[in-house]
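We did not get these values from a lab; they are worked out from the coordinates using the rules stated. All values reported here derive from a predicted model rather than from experimental measurement. Here the Cβ positions follow ideal geometry from the backbone for every residue, glycine too, while neighbour counts run over all protein chains shown.
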Ligand code: AMP
Ligand code: MG
């Protein structure tokens, strides 16, 4: 990444980079981590699978009953009349019946118990009248083979049950356990170092002096980075001094695969992030056609990927979810996918000027008619963290949009999918 050659969007007058273009360039520039570790199943929750998993068994491993009832021979249940059979034993889950069912016979069977030899059909116990060792039921309506779960119906021996890049959630953990796998290889955790920049920032726990504000960005970042796939390092608040910023960059690059900073990426006099990245690493500086989050520095610092996020708290969150999260997923080896987007009807007019794509904060709800509606959280300044806190979604307004009228459809990105 040569600063002058790729810095196509930094000069005033040149077109801004779209959100989609930015994301594409970021994903092109980074590669998945090439290291994995072996973990016991329970410790792997939330991690990304590094190798394909093949089943060594059929699941279920044997034909078994889907109901509590009686295992019978389907051929004994033909004709339109009553069937009478003799009970010759029982098959419990875990304790199979070892004999063979002959014509005119049946076996008491429980859900999950092995189908006895000779039987291929189960009659629910509710449909049976039992008298001593005899059962009676109507043949009508009995379908040969009914209520039997077949070996290998879920997974066959030799099947690939999970591919690399899959995130291990509850279903995957259960699936792995069902094929008897106790340990898996997962992508090693991504090391992320981050710091805030700004002379005005005070740590919480200290009273504010004149002109000071509390540093909130390190707290939102900590929370957004709190994932099983990440190990994070908080490097604190760095003052707006060239040497201090340089030192923090060096320290971060030494310890991390990914370095995030907030603030200092604009063109103000105390903005040292961009020039330090240019000096110590490789930089792309982009003016993004988005609101909030216009300036974004992206590049490389030694072996680490670097994002210089804007300083405003909402901009930090928006750029994190739109650019850093896809990068994290790529580095973690996760299968690429776009965040879920749904359409909802606006409950009121939304103001917007054409030019930049907006990520307004909204509340997505199920309306009275069962359809989705979305309403704005109100004021949309990039310094208003309350607008994020009240929201459960981003309302996506395309660059060319000049606002939305009440009742029109808009694209919405639910926060629930931004994990
Ligand atoms: P900057 O890009 O450094 O000029 O910052 C833009 C705005 O975000 C300024 O109003 C800063 O005070 C504010 N800001 C920067 N860093 C933080 C932070 N860590 N927490 C809260 N606000 C911040
Ligand atoms: Mg600043």
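Quick one: if the Förster radius is 56 Å, what FRET efficiency do residue 390 and residue 124 give, using the C-beta to C-beta distance and rounding to 0.05?
Values: r = 52 Å, r/R0 = 0.93.
Approximately 0.60, to the nearest 0.05.
Mind jotting down the distance between the C-alpha centroids of the range 22-83 and the range 248-306, whole Å?
What the calculation gives is 43 Å, centre to centre.
Ranked from highest to lowest mean number of other Cβ atoms within 10 Å per residue, what is the order of the peptides 160-170, 185-195? Intermediate results must be reported in sequence, preceding the final value.
On the way: 160-170: 16.0, 185-195: 22.2.
Ranking, from highest mean packing down: 185-195, 160-170.
Within the range 269-307, name every residue whose backbone N is under 20 Å away from a label modeled 7 Å from Cα of residue 216 along the Cβ vector.
291-295
What fraction of the DSSP beta bridges in the range 214-327 is antiparallel, stated in percent and rounded to the nearest 5? Spell out each step's value before the answer.
Details: 11 of 16 bridges.
Rounded to the nearest five, the antiparallel share is 70 percent.
Please compute the length gained on full extension between residue 28 and residue 154, using 0.36 nm multiplied by the number of residues separating them and subtracting their Cα-Cα distance. Please report the intermediate quantities before stating the final value.
Values: separation 126, 0.36 × 126 = 45.36 nm, distance 3.73 nm.
Once the chain is fully extended between residue 28 and residue 154, it gains 41.6 nm.
Quickly estimate the mean residue ellipticity at 222 nm for the chain, helices only: each DSSP H run with n ≥ 4 gives -39500 (n - 2.57), and the total goes over all residues, rounded to 500.
Values: 9 runs with 73 residues, N = 419.
The helix-only estimate for the chain comes to -4500 deg cm²/dmol at 222 nm.
Ranking request for peptides 104-114, 384-394, 311-321: highest mean number of other beta-carbon atoms within 10 Å first, then the rest in descending order. Walk me through the intermediate numbers first.
Values: 104-114: 21.2, 384-394: 18.2, 311-321: 24.6.
Top of the packing list down: 311-321, 104-114, 384-394.
For the pair residue 134 and residue 75, what calculated FRET efficiency results from E = 1/(1 + (r/R0)^6), where r is the Cβ-Cβ distance and R0 = 25 Å, to the nearest 0.05? It would help to have the intermediate numbers written out before the result.
On the way: r = 19 Å, r/R0 = 0.76.
Using R0 = 25 Å, I get an efficiency of 0.85.
Output the peptides 408-415, 64-71, 299-306 sorted from most to least packed, where packing is the average of other Cβ atoms within 10 Å over each peptide's residues.
Ranked from most to least packed, the peptides come out as 64-71, 299-306, 408-415.
Share of antiparallel DSSP beta bridges in the chain, in percent to the nearest 5? It would help to have the intermediate numbers written out before the result.
Working: 59 of 88 bridges.
Of all bridge pairs located within the chain, approximately 65 percent are antiparallel.
How much length would be gained if the chain were fully extended between residue 335 and residue 369, taking 0.36 nm per residue of separation minus their Cα-Cα distance, in nm to one decimal?
8.6 nm
Express in whole angstrom the spacing between the alpha-carbon centres of the range 333-391 and the range 88-166.
Spelled out, the Cα-based centre of one part sits 52 Å from the other.
Could you work out how much longer the chain between residue 278 and residue 231 gets when fully extended? Use 0.36 nm per residue separation minus the Cα distance between them, nm to one decimal. Can you show the working numbers first?
Numbers: separation 47, 0.36 × 47 = 16.92 nm, distance 2.63 nm.
Residue separation times 0.36 nm, minus the Cα-Cα distance, leaves 14.3 nm.
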